[in-house]
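Chemist: Quick one: structure below, then a few questions.
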């Protein structure tokens, strides 16, 4: 489902090059739940952004479901993301002039036909926001905005979901609720999950744990389903 070949990412500043990723090779099969862990500055969020086509590598190739995405223009990338990918940003990226319900509906209206309203309402209820659907982002707490972003990522039933610290701003009750939604999508719909996390609970529940350090993969471990 996701293939990474010799990916490097650097930032050039005058005559100085800052290396962020230093040669990543990775193959993630369909339906796998992968947790990417590592210290701050290890390159986790950069890698996730590259996998989603939100940034381009300085060198190397990234393939989503067999399509090399690093050379696509923005319109083609948007079509791929619309059909194949749900993404939960650490900073939420909600549209401030839309209600929670409208934010969740937006990907459906841009990429699908028919009525997605009942699905959007159901997803917001699943993340505990049935009473907040008509509120705007400014009226929601950080944790509530995070849950809206999660519901939005699932509204099109994408085959791949990526999330950057999906439980980072949530209390334990809502963190558990979000975790259960992620796991159920992986288990019941075969959704490929790639999560950047500092949460040891999430990392322990994954099929596979990848550890980054200083822009390199230093550990790549398959975890037994029986352990879950």
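Please treat every number below as a calculation from the coordinates, not as lab data. Everything numeric in this text was worked out from a predicted model, so none of it was measured. Here the Cβ is made from the backbone with ideal geometry for all residues, glycine too, and neighbour counts use every protein chain on show.
Chemist: Round to the nearest 10 and give me the degree value, 0 to 90, for the angle of helix 172-189's Cα axis relative to the longest principal axis of the chain.
Modeler: In the chain, helix 172-189 runs at an angle near 80 degrees to the longest axis.
Chemist: Further, regarding this structure: Could you work out the relative contact order of the stretch 23-83, using alpha carbon pairs under 8 angstrom and six or more residues apart, expressed as a whole percent?
Modeler: Numbers: 25 pairs, mean separation 11.3, N = 61.
About 18 percent, as a whole number.
Chemist: What nm value, rounded to one decimal, do you get for the distance between residue 115 and residue 54 when each label is placed 7 Å out toward the C-beta?
Modeler: So the label points at residue 115 and residue 54 sit 3.3 nm apart.
Chemist: I would also like to ask the following. How high is the relative contact order of the stretch 141-228? Use alpha-carbon pairs under 8 Å, at least six apart in sequence, and give a whole percent.
Modeler: Relative contact order, the stretch 141-228: 24 percent.
Chemist: Find the centroid of the Cα atoms in the stretch 162-177 and in the stretch 180-199, then give the distance between the two in whole Å.
Modeler: So the separation of the two Cα centres works out to 12 Å.
Chemist: Rg to Rh for the stretch 110-159: what is it, with Cα atoms only and Rh by Kirkwood?
Modeler: Result for the stretch 110-159 is an Rg/Rh of 0.97.
Chemist: According to the Kirkwood expression over distinct Cα-Cα pairs, how big is the hydrodynamic radius of the stretch 135-228, in Å?
Modeler: On the way: mean 1/r = 0.0694 Å⁻¹.
Hydrodynamic radius (Kirkwood, Cα pairs) of the stretch 135-228 is 14.4 Å.
Chemist: Report the paramagnetic label zone for residue 198: residues of the stretch 162-177 whose backbone N is under 15 Å from a point 7 Å from Cα along the Cα-to-Cβ axis.
Modeler: Output list for this probe position: 164-171.
Chemist: State, as an integer percentage, the relative contact order of the stretch 2-227 based on alpha-carbon contacts under 8 Å between residues 6 or more apart.
Modeler: Details: 420 pairs, mean separation 64.4, N = 226.
With pairs under 8 Å counted, the relative contact order is 29 percent.
Chemist: Taking the number of other C-beta atoms within 10 Å as the exposure measure, put 208, 16, 79 in order starting with the fewest. Numbers along the way, then the final one.
Modeler: Details: 208 17, 16 7, 79 12.
Sorted ascending by nearby Cβ count, the order is 16, 79, 208.
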